[in-house]
Structure formats: C-alpha cells, structure tokens
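Working notes, beginning with the structure itself.
The values are calculated or read from the model by the stated rules, or taken from the named source; none is laboratory data. Since the model is a prediction, treat every value here as computed from it, not as a measurement. Cβ sites come from the backbone with ideal geometry, for glycine too, and all protein chains shown count toward neighbours.
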C-alpha cells in the first residue's frame, strides 16, 4: 500500500502556500488607517510620546525667533572687515543669551557676543573669539583687532532659518519621539492631536496550556505546558502602546473558540490568537474564522510560521498565529506589527533591512522564505558579520533571546556559504 501523504509543515514546497509578499499586499489592502475625527484625541505634550500625530503640528513662531550668534565671539558690521591687513574696533558692550545690547552699533564698533545672543542692530557678522586679538582695559575688553579671514555673514543664525511661522513641522502619521517632544516644547505648544489607541484582544488556545497567573509554582501534569505565547504577545503589544484585552487560555473546542472570537471582535480593532490554526482535529481557529467572518489566507510559504490565519470578523482584523513560540514572534513582527502600525495611522511601518556578510554556513532548501535567528557583530577587521544562534527549531524561544536580528533567506536560496552576503533585519527598533 502506498500512503497518500498530505501537505504539511515538513514540506519545503507546497503549491497552495501563499508567498509572503502577496500576503503582505493582501493585508495592506484590507487596512484602512484611523482618520475619522472620532479617532482623534488631544493630549498634553508629555503624554503624547510614542503616539501617532493626527493633525499637522504647525509652528506658531519663527525658529530662531531672532537673529543670533552661532558662536562665542564679536558681532560686527561686515563693512568693517578689511580687504587686507588688520583693523581695530572698539568694543562697546556684551550681548549675552537673553540679555541683548539695545543700542545700534556704529562704524568701527563691535559687541562681544555669546552663543545664542541676539545680534545687535547694525551687525551682520560674528568673528569668533579665537580669531581676534583682544586688548584689555582692566578686566574688560576695550578693543579687538581683526583681519579679513572671516567672511561677511559668518557664524550668524538668521531669524526663521530653521522653521518659519506657520510651517508644518510634524506631518500626520509620524510617531512622536523624544526629539519631537523637545521640538514641540520649543515652539510653546503644550497639546498635541494624536490618534486614539487601538483596542487589541488576544488569547492562546490549547487544552495542554496552563495559565501562569493561575498555576505559577505548580508542578505540571503529563503533557501540560505553561502558556508562554500570551505573555510574549502581551510584551510585544505593550511596546506598540495599544489597549489590551487578555482573554486567557481558550479550550480546544469549537464552541469555546467561537465564543472567544465573537466576544473579542465585538469590542476590539484587532484580535490575535496563538495556536489552533493548523489542520489538526483540535485546531478550530481557521474553521471558526471562516464561519464567523472572512479568511484572507491561512498558509504561507515561510519558516517558521507556515500556519498563519488572517481575515476579518465584522470590523475587527484577525490574526491567528501559530502555536510554536518562535513562530509567534516571527509572524507577529513580519505581519501583525506592520498591520497594527498601519491601522494606527503610522506612516513608517517598513522594518529596516540591510546586507552583511555571513560568518558561517547556513543550511536551507529552496521553497520557502526563512527567518533564521542571528547575531550580528563586528569582527576583528571592523566589518559587520552575522552568525546564527545555532539550532533553529520553532519551539526554541532561547534562540530569540540570544539573537539580535533575523537572517532573512529568500525563497529560492539553497543555503549560504561563509563569506556570502545575507539580508538581516535587526531587532533594534523592531522589538
């Protein structure tokens, strides 16, 4: 008898597996970013960090607000610069930052000026203090000698040079960083319009799982496991700044799965599950999704993460992640996180990738894109290289803890030799 084998995760190539790039396109086509007025809230500046700007931030003032010195030195009129040789100018005062000299400067005069000090009337150039000869009268500078080494207009910041009044400084879709907070504060703005937080519900499936919050410290029974995926999802989602609804561990029954999905979809923008999306008799997520909503896809040509269900239940976007811990993280970062960012109204959602040299041989068979865990470092020659973390099993969460990047091997790759260039996706900015 010849066994008629069905497609499985063990196969390198399955014709019905959806290519990753097409899956990403389908997700993007489904996502309509927040844009309605009801999705906008106005927050005090300090509470806006990491939120997504909803309404353009415009400057109410010029920056700099006044023409000022970029260096410590002496403010002069460029008409006093000699064509050759040297000239002596009398110093009639000092312009400190916040304490300007109010009198207008006449020909043959100069004002000592500090960085940020307002340029006195009648001056347009600053000669830095290192380029003058200062003649003292007691403790004060009475006059300076300058030459023609300084050009007209040097070392001066013009009013409005950086930002003009009315100019948009932050576009909608930008995520507010510490630099943005400082910039907004410098303009005298204390309130920012941002999009509301998304509501995300998540749960794990599996009769073998024991919730840590209920069973911590207990001895597990035969075949039982502590649920780690829900805690990993909690951590990854927390970094996105969404409102979380943890639905716990859902039993492996059609009724329990249906109840969890129905409850989650009714109150959430996004629903995420882990486990139950394969083709086993106890895997109810995909079939329940098909009953309650629409399935965009559920099997991808990738490793780890072949069983990944995507679709909608009512207005809620749904992602059914695999059960293996590494596959949960990889599929979240490659598919779910970009989708959530797009839905949040964020413009910059593409992960950073670049090429480095592989320090080791990497095994791979053509047929699927692979995301192997890697450690990028600098070798003795100062060149960036990447190593794998070793065994790449989808259940080895330690490999994600050891790694600082993903090594992205394309579908048609048949392996990597030491010295080959490979594409990596660093965890910095991702996780």
The one condition residue 214 fails out of (1) out of contact with any strand residue (DSSP E or B) (no Cβ under 7 Å at 6 or more places or on another chain); (2) at pLDDT below 95; (3) in a loop (DSSP other than H, G, I, E, B) is (3)
Scan the stretch 312-331 for residues that are over 23 Å from the mean Cα position of the chain (by Cα), assigned to a strand (DSSP E or B) and surrounded by 23 or more Cβ atoms within 10 Å (Cβ to Cβ) and report the count.
1
Among the residues of the stretch 156-167, is any over 41 Å from the mean Cα position of the chain (by Cα) and either surrounded by 19 or more Cβ atoms within 10 Å (Cβ to Cβ) or outside any strand (DSSP E or B) (or both)?
no
Which one of these does residue 74 not meet: (1) touching a residue at least 24 places away in the same chain (Cβ under 8 Å); (2) surrounded by fewer than 17 Cβ atoms within 10 Å (Cβ to Cβ); (3) in a strand (DSSP E or B)?
(2)
Considering only the stretch 353-373, I want to know if a residue exists there that is farther than 18 Å from residue 410 by Cα and either surrounded by fewer than 13 Cβ atoms within 10 Å (Cβ to Cβ) or in contact with a helix residue (DSSP H, G or I) (Cβ under 7 Å, 6 or more places away or on another chain) (or both).
no
When residue 182 is run through (1) part of a helix (DSSP H, G or I); (2) in contact with a strand residue (DSSP E or B) (Cβ under 8 Å, 6 or more places away or on another chain), the failure sits at (2)
One residue is enough: does the stretch 203-218 have a residue meeting the conditions farther than 30 Å from residue 61 by Cα, in contact with a helix residue (DSSP H, G or I) (Cβ under 6 Å, 6 or more places away or on another chain) and surrounded by 12 or more Cβ atoms within 10 Å (Cβ to Cβ)?
yes
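Table: residues versus (1) closer than 30 Å to residue 182 by Cα; (2) modelled with pLDDT of 95 or more; (3) touching a strand residue (DSSP E or B) at 6+ places or on another chain (Cβ under 9 Å).
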position: 11; (1), (2), (3): no, no, no
position: 18; (1), (2), (3): no, no, yes
position: 43; (1), (2), (3): yes, yes, yes
position: 53; (1), (2), (3): yes, yes, yes
position: 63; (1), (2), (3): yes, no, yes
position: 67; (1), (2), (3): yes, yes, yes
Total residues in the stretch 334-389, condition without any contact (Cβ under 8 Å) to a residue 60 or more places away in the chain and touching a strand residue (DSSP E or B) at 6+ places or on another chain (Cβ under 7 Å):
19
Taking interchain pairs and intrachain pairs at least six residues apart, which have beta carbon atoms under 8 angstrom, with the first residue in the stretch 224-253 and within 18 Å of residue 343 (Cα to Cα) and assigned by TED's automatic domain parsing to the domain that holds residue 320 and the second at pLDDT below 90 and surrounded by 15 or more Cβ atoms within 10 Å (Cβ to Cβ)?
236/431; 239/431
If you go through the stretch 332-347 one residue at a time, do you hit one that is surrounded by 21 or more Cβ atoms within 10 Å (Cβ to Cβ) and assigned to a strand (DSSP E or B)?
no
